[in-house]
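Colleague: Starting off with a structure, shown below.
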Amino acid sequence: SCEVVTADDKIREILRLSAQEEKVNRIVRVRCANNEPILLETTVIPLYLCPGLIEEDLERGSLYAVLREKYGLLLDHAYETYEVGKVRKEEAQHLECRVGLPAFIIERVTYLRNEVPVEWTKSVARGDRLRFTVLLVADQAQIRRQVEV
């Protein structure tokens, strides 16, 4: 689902939004593997950067391609935070699992080269279906998601 909403205090702070810029695009998507839901993703992008974003077909297309091609936003880097949590009631409905199932809770903030934050995403990944592998290489880290179905 896609809708325009008013950012809460946490999102306003993360995305550095002024009172005049408090409207955001909120995109909620369920990611599947082998037709089974494994990840619930909620993405928030400032409306002032991407007016009309909710009109795009983001179920099939790439959000990042739309940001680049339609809005000219060249994403440069992101910070992701991983923690272990449990699936809550509303998330369990989307993920077709029981409430309290262990989950990875992943928050990402994505930036342009000039350090302007353009995206906040929270993902809830089923702990019984997803595994992460981290490759550490001389001052770099690459993370690969691996699905266990």
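Colleague: Determine which member of the set Val124, Val109, Val137, Val84 is farther than 22 Å from Asn34 by Cα, surrounded by 15 or more Cβ atoms within 10 Å (Cβ to Cβ) and not small (Gly, Ala, Ser). Let's see the steps before the verdict.
Modeller: Values: Val124 fails: farther than 22 Å from Asn34 by Cα; Val137 fails: surrounded by 15 or more Cβ atoms within 10 Å (Cβ to Cβ); Val84 fails: surrounded by 15 or more Cβ atoms within 10 Å (Cβ to Cβ).
One residue alone meets the criteria, Val109.
Colleague: If I filter region 97-128 down to residues being assigned to a strand (DSSP E or B) and charged (D, E, K, R), which single residue comes out as farthest from Leu49 (Cα to Cα)? Break it down stepwise before answering.
Modeller: Step one: filter region 97-128 for residues assigned to a strand (DSSP E or B), giving 102-112, 117-126.
From what's left, charged (D, E, K, R): 107-108, 119, 122, 126.
Working: Glu107: 20, Arg108: 18, Glu119: 10, Lys122: 19, Arg126: 31 Å.
Per the stated criteria, the residue is Arg126.
Colleague: If you scan region 26-79, which residues turn out to be part of a loop (DSSP other than H, G, I, E, B), within 15 Å of Ser1 (Cα to Cα) and touching a helix residue (DSSP H, G or I) at 6+ places or on another chain (Cβ under 8 Å)?
Modeller: Taking region 26-79 and keeping what is part of a loop (DSSP other than H, G, I, E, B), we get 34-35, 47-52, 56-62, 70-74.
Narrowing further to those that are within 15 Å of Ser1 (Cα to Cα): 52, 56-62.
Correct list: Glu56, Leu58.
Colleague: Still on this structure, I have one more. Inspect all residues belonging to region 41-48 and state whether any of them is surrounded by 15 or more Cβ atoms within 10 Å (Cβ to Cβ) and more than 29 Å from Ala103 (Cα to Cα).
Modeller: yes
Colleague: Going through region 80-96 one residue at a time, which ones are over 18 Å from the mean Cα position of the chain (by Cα) and either among the hydrophobic types (A, V, I, L, M, F, W, C) or assigned to a loop (DSSP other than H, G, I, E, B) (or both)?
Modeller: Glu96
Colleague: Moving on to the next point. Looking at (1) under 19 Å from Val116 (Cβ atoms); (2) free of Cβ contacts under 8 Å to residues at least 24 places away in the same chain, which is the one condition that is false for Ile11?
Modeller: Result: Ile11 fails condition (2) only.
Colleague: I'm checking my understanding of the structure. Among residues of region 14-27 that are under 16 Å from the mean Cα position of the chain (by Cα) and touching a residue at least 60 places away in the same chain (Cβ under 8 Å), which one is surrounded by the most Cβ atoms within 10 Å (Cβ to Cβ)?
Modeller: Only one residue tops the list, namely Leu15.
Where a number appears in this text, it was derived from the coordinates with a stated rule and is not lab data. Not measured: the values here are computed from a predicted model. Every residue, glycine among them, receives a Cβ derived from its backbone with ideal geometry; neighbour counts consider all protein chains shown.
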